[in-house]
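Okay, structure first, notes after.
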DNA sequence: AATAATTTTTAGATTTGTCTAAATTTAAAA
DNA sequence: TTTTAAATTTAGACAAATCTAAAAATTATT
Ligand SMILES: [Mn+2]
Ligand SMILES: [Mn+2]
Ligand SMILES: [Mn+2]
Ligand SMILES: [Mn+2]
């Protein structure tokens, strides 16, 4: 059994693994809001528990055991986010912090019953896929809205930024999950994108466009 | 803000206060599965935080602030127990341990929405009253089944023992919340009680009878 | 009232997760 | 290839929560 803190490390390492492998000490320190020295201490411990492969100065990789543990935490996090939005009327920018706490509740029965209660959702409120009990999940195909050319479009299937200000901004613009959009213009001056949603046109910054995921 | 551990102490002190006031160090140690020395350390800390009034060698009492904090934890615990039984089909003997973890989730919005989602339940699966947001709750009147005389009866409104073996035993006997019973005989030999439920008669030990609460 | 038994507290150690400051290693620049 | 800069690790300290063993205070018994 892992502590609250150990679980957080595993989850962070799992997420960072998608960006670079092995994962570096400083990258973890930044994400977890702690100092590199503390990360080193923890990596040694996780290594001794057989949850990560750690080479001094080189970085860490999750072992099979570590990866399964991490995915299970992600599963719980996302299921709770679905619960909060679907059953308790939380907005998609309000769920993350609470889910950060709920994901550490240790009851397999609870997770399975929750999954059932929610009718086995496949994605969370931000479009991220929910792993099944065995850690498997379909990797959805998508492109960043910022990569689309004029007249290209599709449905919003996810976001790659989960901060409350960003999500609230999208909501105000009517850019929620499932909405269909078409790029109508790309402004030379600042790279901002004009697009059509719900019959009318809006303009979003390039920075915003980079974090919206589209499936065609 | 209190730590997980501090919250557990406050809750235990709150429950023990109903039995004796002030609460003694050893009583806390026994309940919380720790040593008296650790309790002393924690009592000093809670005292400094203004959550308890603590007099060396005499025991502790909750301050108004400490009591409110404790009641809020109890509120969360019982709401989660209702959620688990009503929405996730947990049995009444399966909810306690999970609720012990869930009660520490810190989100006022979550608690209020959960309360609403459950349609503002007044009691938990064991018949214990659920405090409202301000810490108020009706104190239900009841008598122990073991105090009833022959031909006296009423409805089962609660239990004063929450262990899984006890609750499973009651369930097997058909003695669940709301069931109406009448005492038909009290056996001289061992003090065991014969009673009528659902048209048929059963015999329960005095020990069991002591933990069943009846309202007339 | 003196003695014994019980309860509680103190003292000092341990574990976990963290920190700062200094040392070491690796990567980049001159 | 030195030198410099950046990243990482070590060393030593700290706070929180716990423990054991011993001392002190309270309560019960003679
Ligand atoms: Mn999240
Ligand atoms: Mn999410
Ligand atoms: Mn309970
Ligand atoms: Mn209960």
Debye intensity ratio in log₁₀ form over the Cα atoms of segment A:143-215, taken at each q of 0.11, 0.16, 0.24 Å⁻¹: -0.21, -0.46, -1.12
Estimated FRET transfer efficiency when R0 is 45 angstrom, pair residue A:5-residue B:151 (beta carbons, to 0.05): 0.15
Helical contribution to [θ] at 222 nm, DSSP H n ≥ 4, -39,500 (n - 2.57), averaged over the protein assembly as shown, rounded to 500: -13000 deg cm²/dmol
Nm distances between copies for residue B:134, ranked from closest, using label points 7 Å along Cα→Cβ: 5.5
Shielding by other protein chains, A:86-92, mean Cβ within 10 Å: 3
Helix A:108-117 axis, angle to chain A major axis (alpha carbon atoms, nearest 10°): 20
Nm distances between copies for residue A:150, ranked from closest, using label points 7 Å along Cα→Cβ: 9.9
Spin-label pair residue A:100/residue A:30, simplified geometry with 7 Å Cα→Cβ offset, distance in nm: 1.8
Chain A - Debye-derived log10 I(q)/I(0), Cα point model, q = 0.17 Å⁻¹: -1.19
Between helix A:164-173 and chain A: long-axis angle, C-alpha atoms, 0 to 90°, nearest 10: 20
Using a 7 Å Cα-to-Cβ projection, residue B:68 label spacings across copies, nm, ascending: 4.8
Tilt relative to chain A, helix A:36-48 - C-alpha long axis, 0 to 90 degrees, to 10: 60
Spatial separation of Cα centroids for segment A:44-76 and segment B:107-126, in angstrom: 37
Pair-distance profile P(r), taking every C-alpha pair of segment A:4-62, with 10 angstrom steps and integer %: 26, 66, 8
Relative contact order (percent, whole number), segment B:143-215, Cα cutoff 8 Å, 6+ residue spacing: 44
Residues in segment B:76-93 reached by a label modelled at residue B:202 [backbone nitrogen below 15 Å; 7 Å Cα→Cβ]: B:92-93
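Only the coordinates and a few stated rules stand behind these numbers; no lab work does. All values derive from a computational prediction rather than experimental measurement. As a convention, Cβ positions derive from the backbone with ideal geometry for all residues, glycine included, and neighbour counts pool all protein chains shown.
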